[in-house]
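Before any comments, here is the structure.
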Amino acid sequence: MKILTFSGSTPAEALKKAQLEVGEDAMLIETREIQKKSLGKTALYEIVVGVEENAMPRSSQRQQEPLTKQRPLAQKSNDVLYNISEAAKQISKIAEVTEEDRPSKHTPVAQSEDLKKIKDEIEKLGDKVKLIQNMFWNEKSPKTSLPIPPEFAEIYRLAQQSGMNQEHLDEIMQLTLEHMPSKMRENSETVKRYFQTLLRKMIPVRLESAPKMGTKKVVMLVGPTGVGKTTSIAKLAARYSYFLEKKYKVGLVVLDTYRIGAVEQLMQYARMMKLGIETVVDPPEFSTALNSLQYSDYILIDTMGSSPYDKGKIEKIYECLRSNTTDYSVDVILVLPSSIKYEDLKSTYENFAPLGIDTMMFTKLDETRGFGNIFSLVYETKVPISYFSIGQEVPEDLVVSSSDFLIDCLLNGFRKGENL
Ligand SMILES: Nc1nc2c(ncn2[C@@H]2O[C@H](COP(=O)(O)OP(=O)(O)O)[C@@H](O)[C@H]2O)c(=O)[nH]1
Ligand SMILES: [Mg+2]
């Protein structure tokens with residue numbers, strides 16, 4: 001008696017395969033559950049059947065190793081490759097049949113029936129190859145709770161290298177595996193496109209909108225020292241006052257003016273662009289400063305560097321916001337450098353969160369290679385992105401937020417002037 005194993009997503013499916021391969025006389029010896037059904041995974045059962053040598057159909061006897069003989073996941077990769085090449089051989093055999101038996105153009109009915117049979121056969125073989133590929137990938141893939149099919153390998157590697165948080169990546173992969181139409185799974189290119197679309201949809205962005213007639217926009221930039229707040233204020237001031245369809249009046253406010261040099265930096269930009277500028281040392285002066293710039297369409301507020309751990313300075317900004325007696329609501333933008341890892345971005349965000357962050361701006365995109373950290377912070381906090389800063393040049397190195405831009409950077413890298 002010959003002992004053979006077959007697998008399927010249900011014991012019945014495995015048995016059906018066995019019967020197709022070795023005939024109705026197969027005797028079921030054992031059924032095993034190899035892999036439990038869970039989110040993103042189908043169940044895998046293995047059955048062991050016994051069959052008398054002479055009871056086997058001739059086609060199976062000829063074959064040294066039936067293709068459908070599925071082995072446990074721990075098998076050697078050489079064997080897997082052997083099976084894949086066996087499958088390829090079978091596919092080419094069918095292709096030969098197609099050539100020889102191709103009916104003439106005058107028999108469309110026969111042609112369509114034959115073609116259908118061949119198509120069915122190829123589909124079945126394709127499934128078998130996929131299963132073998134999955135087994136192969138499972139063995140080689142990085143330690144993760146998810147089984148990643150081979151056509152997802154490239155995208156998984158890219159996302160992992162981008163600095164995206166591992167939990168987020170696994171969660172999104174699981175979603176993709178569950179919802180992706182099977183038609184799109186055909187190759188890694190379509191998988192990449194699907195993944196790109198999915199990621200894009202997960203990034204909240206705040207579209208830029210101009211102040212309505214008779215109203216003004218008051219925007220405050222907060223964040224750690226040296227991230228690029230003052231440079232970004234200058235870029236935004238130039239954008240609003242010179243580069244939009246309408247030329248808006250812009251006024252500047254500098255908050256917490258302990259460092260004279262830092263004030264001087266913005267003063268210089270104000271002189272160059274001929275903008276009004278007010279300084280605020282103590283919270284009660286905040287409303288006075290806003291009121292004295294009431295002729296402006298935009299009021300941009302720069303805050304002095306507060307290190308993320310300098311709670312005192314964050315509290316002072318908070319006091320200013322609280323003491324605001326004007327009718328203007330202040331839009332708070334948290335400025336963060338894209339060059340630090342996700343965990344650091346997150347703890348900085350948490351330090352500034354009590355100020356009530358409306359949007360985030362990421363700077364120094366030109367100094368980083370991975371963008372998964374930005375993705376993860378936005379995915380986690382759901383706070384939309386408003387701008388990106390992509391270099392030191394004022395005013396040009398500013399990009400208005402777009403999810404296409406960020407995901408293009410994430411998957412294909414940042415190339416100045418070339419991203420979507
Ligand atoms: N490479 C690069 N440098 C930047 C970017 N934004 C700002 N910087 C530089 O970072 C330094 C600190 O900028 P600054 O605006 O003074 O930071 P602040 O302390 O947050 O106000 C300056 O040398 C800027 O030229 C950027 O997007 N890319
Ligand atoms: Mg500054």
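Observations on the model:
- Kirkwood Rh, Cα atoms: Rg over Rh of the stretch 289-420: 0.99
- Unit charges on C-beta of K, R, D, E only; dipole of the stretch 217-412, Debye: 240 debye
- Of 199, 220, 209, farthest towards positive along the dipole that unit charges on Lys, Arg, Asp, Glu beta carbons give the stretch 196-240: 209
- Violating pairs (Cα-Cα greater than 30 angstrom) within the set 117/201; 192/212; 201/235; 274/311; 316/346: 117/201; 192/212; 274/311
Every read-out reported here was derived from the displayed coordinates using simple, explicitly stated rules and does not represent laboratory data. This one's a predicted model, so the numbers in the text were calculated from it and none came from an experiment. Cβ coordinates were reconstructed from backbone atoms using ideal geometry, including for glycine residues, and neighbour counts include every protein chain displayed.
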